[in-house]
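Student: I'd like to ask you about the structure that follows.
The values are calculated or read from the model by the stated rules, or taken from the named source; none is laboratory data. Everything numeric in this text was worked out from a predicted model, so none of it was measured. Counting neighbours? That spans all protein chains shown, and the Cβs are built from the backbone with ideal geometry, glycine included. With ligands, DNA and RNA removed, areas are computed over all heavy atoms of the protein, side chains included. Shrake-Rupley method; radii C 1.70, N 1.55, O 1.52, S 1.80 Å.
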2 protein chains.
Amino acid sequence: MLHQETSQLTRPTAQKVAAIEAAAGQPQPLSAALSTAGMSIRYARNAEIYGEGEPVDNVYKVVSGAVRTYKLLSDGRRQIGEFHIAGDVFGLEVGSERQFTAEAIADAVVLVAKRSSLVALAVSDATLASELWTHTARELRRTQDHLLVLGRKRAQERVATFLLDMAGRGRSDIIVDLPMSRQDIADYLGLTIETVSRTLTRLEDDRAIEIPTSRRIVLRDKRALGHLNN
Amino acid sequence: MLHQETSQLTRPTAQKVAAIEAAAGQPQPLSAALSTAGMSIRYARNAEIYGEGEPVDNVYKVVSGAVRTYKLLSDGRRQIGEFHIAGDVFGLEVGSERQFTAEAIADAVVLVAKRSSLVALAVSDATLASELWTHTARELRRTQDHLLVLGRKRAQERVATFLLDMAGRGRSDIIVDLPMSRQDIADYLGLTIETVSRTLTRLEDDRAIEIPTSRRIVLRDKRALGHLNN
DNA sequence: CGCAGTCTTGACTGGCTTCAACGGAAGTGG
DNA sequence: CCACTTCCGTTGAAGCCAGTCAAGACTGCG
C-alpha cells in the first residue's frame, strides 16, 4: 500500500464553514464544533489519515473527496468498513486505539478537531454529548446492516444494496458517481474485483443499471434493485 | 420460528443484584441502574424478547441463560448479530425502532429497565451518560471485528475466531460451553450448519480442539487456533 | 421405548475465486 | 500534442470452497 501523504494546513474560512453546514442540512453541535475548533487539512489520494493501532487523538469531517476505513489480515486480505463522503464525520472512537486505518480515496479535504476538545465541550453542552452518542449509534446501525450483507447476501444482492445505499447518500438518487475503485467496492462487499465487475455488467445486461463510465452508474430500475436488496 | 413466550415478572432480590454486580467484576452505573430500576423477567427457550421494527422501550441485562439478536431476509436467511451471555447488557439502542429481533437461546432470566429512565438518570450522572456511549462504542467495535470475519475469513478461520472469542467470554478460557446450536453458530458466522459441523470435525482431527459433547468444545491448541485467527 | 430435534457425514453442485489476457482511460514526460 | 507507461476495468476459462441434497446417528424427553 502506498502512502504519499501530502498534507497542507489551513484555517477554515467562514465561507467554507457556512458551506459545510448548509451541506449538512442544518447547523448541528458536532458539525459546528468541528468547524469552529477544527483545522482544515488536505490529503492526497491514497494518503493515510490514521493507522490501525494508533492512539485516537482526532475526529474528522469530510469537506470534499472521500475516505475509506479498513482492516487488514496478515496475508493482505482487506475489509473496508465504511466509505465516508462530503459531510460525513469519521474517526470518532471511544477507546484509546484506532480500530481501522483511514485513507483518502481521492484527494480529500477534511476538518480535524481534537477528540479531547469535543469531549470537554460535551460536558457543558448536553446536545453535543447526545450527538456524540447518536453518531456512534448511527455508525453501529450501518455496520449492523452491513453484517447482513456480508453474512447472507449473494453477489448480486450485495452490489444492488451498495448501489442503492450510495444513491441514498449522493446528490442524485438516480445517478451514482463512485469515488472509489472496483477494488475498493470489492473489499467493501467481501467479493473480488472480478465478481464486482461481472455483476455490474450483468445488472446492465438486465437493464437494471447503465454504466456510462466506469465511475458513474445510472440506476435505471430501482424497483428491480430494491427487489434484490430484499 | 417458534415463539413460546412464557414470561414471569419478579422484583430482583438484593441477593441477585449483588451476584450480578460481582459477576460484572465491579459495580458500574449502568449495571447498578439496571439492577435498581429493573424488573427481572424469565423467557423460555426461543421466546422473543423484542422484534425488529418494534419501538425501543427497554434495555436488558442477561442474568442467566443466553440471548441471540438477528435480522432476517425476506426468504428466511438469517444473520445473527450477537450472542449475549450472563452479564451482558443488550437492547440499548438510540433510535426509535428495533434493528434486530432478540430471542432467548436457552431459558433466560434478564433484568429490564426503561430506556427513558436510564437516559433521565444520565442527565445528572455523567458517569452513566459516558457509560451509555461507551457501551454502544464497544458494541460497534465487536460488530466491526465481525465484519472482517464475514467479509474476508474462510470457514476454518471463522470458526477458530468464534471459539477463541467464546473462550474469552466464558469462565474457562480452555473449555467452551456453547449455549447455542450449530444452526445459530452457522447464522452467526455466515455459513451453513453442515460447514460448521464439518469444520469442527476437521479441527478435532487436526488436534486443535476436542468435542466431548456437541455443546462443549475444549481448546486443545490455542496457538493453532490463534494462527487461524490471524 | 419411541419420537423429535440436533448433529454428523457423504456425494454432488454451483457460485465465486483464481489465473490469465486484453482493452481502455488517465497521467507523464519528451 | 503525442508516445509511453501505468493503472484500472472487463472478460474468459478453469478450479475450489462452501452450499445443497440426502441419509443416518445421536441425544434428550415424554
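Student: Mind grabbing the accessible area of B:THR69 for me, 1.4 Å probe, Å², rounded to tens?
Tutor: Surface accessible to solvent at B:THR69 totals approximately 10 Å².
Student: Tell me which lysines have Cα within less than 28 Å of B:LYS153's Cα, excluding those fewer than 8 residues away on the same chain?
Tutor: List returned: A:LYS71, A:LYS153, B:LYS71, B:LYS222.
Student: Using 7 Å Cα-to-Cβ label points, what is the B:ASP173/B:SER74 separation (nm, one decimal)?
Tutor: In this crude label model, B:ASP173 to B:SER74 measures out at 4.7 nm.
Student: Roughly how large is the B-A contact in terms of buried accessible area, totalled over both chains, probe 1.4 Å, nearest 100 Å²?
Tutor: About 3700 Å² of accessible surface is lost on pairing.
Student: Under the √(5λ) rule applied to the eigenvalues of the Cα gyration tensor, what semi-axes describe the equivalent ellipsoid of chain A? Give them in Å, descending.
Tutor: 31, 19, 18
Student: Oh, and also: Around B:ALA47, which amide H atoms from residues at least 5 apart in sequence, or from another chain, sit under 5 Å from its own amide H, with H modelled in the peptide plane?
Tutor: B:GLN4, B:ALA104
Student: Could you name the lysines in cross-link range of B:LYS114, using Cα to Cα under 17 Å and dropping any fewer than eight places away on the same chain?
Tutor: Hits, sequence-local ones excluded: B:LYS61.
Student: Express in nm, to one decimal, how much length is gained between A:SER96 and A:SER117 on full extension, taking 0.36 nm for each residue of separation and deducting their alpha carbon distance.
Tutor: 6.0 nm
Student: For B:ARG141, go 7 angstrom from Cα along the Cα-to-Cβ vector, then report the distances to that same point in the other copies in nm, smallest first.
Tutor: Spacings between copies for this position, smallest first, are 2.4 nm.
Student: When the helices in the protein assembly as shown are scored as -39500 (n - 2.57) per DSSP H run of 4 or longer and the sum is shared across all residues, what 222 nm value do you end up with, to the nearest 500 deg cm²/dmol?
Tutor: Computed mean residue ellipticity for the protein assembly as shown: -13500 deg cm²/dmol.
Student: How many percent of the accessible area of chain A is carbon or sulfur, using a 1.4 Å probe?
Tutor: In chain A, the share of accessible area belonging to carbon and sulfur is 50 percent.
Student: Return the single residue from B:SER197, B:SER40, B:SER214 with maximal mean-square fluctuation; model: Gaussian network over chain B, springs between Cα atoms under 10 Å.
Tutor: Among B:SER197, B:SER40, B:SER214, the largest mean-square fluctuation in the Gaussian network model of chain B belongs to B:SER214.
Student: Also: On average over all directions, what projected area in square nanometres does the protein assembly as shown have, based on the convex hull of its Cα atoms? The partial results should precede the final answer.
Tutor: Values: hull surface 90.8 nm².
Computing the convex hull of the Cα atoms and averaging its projections yields 22.7 nm².
Student: Solvent-accessible area per residue for region A:13-170 at a 1.4 Å probe radius, Å²?
Tutor: Details: 5970 Å² over 158 residues.
It amounts to 38 Å² per residue over region A:13-170.
Student: Could I ask something else about it? With the solvent-accessible surface defined on protein heavy atoms using a 1.4 Å probe, which residues belonging to region B:53-80 display a reduction of at least 50 Å² in accessible area in the multichain context relative to the isolated chain?
Tutor: B:LYS71, B:LEU73, B:ARG77, B:GLN79
Student: Using label points projected 7 Å from each Cα along Cα→Cβ, tell me how many nm separate A:ASP221 and B:ASP145, to one decimal.
Tutor: About 4.3 nm, to one decimal.
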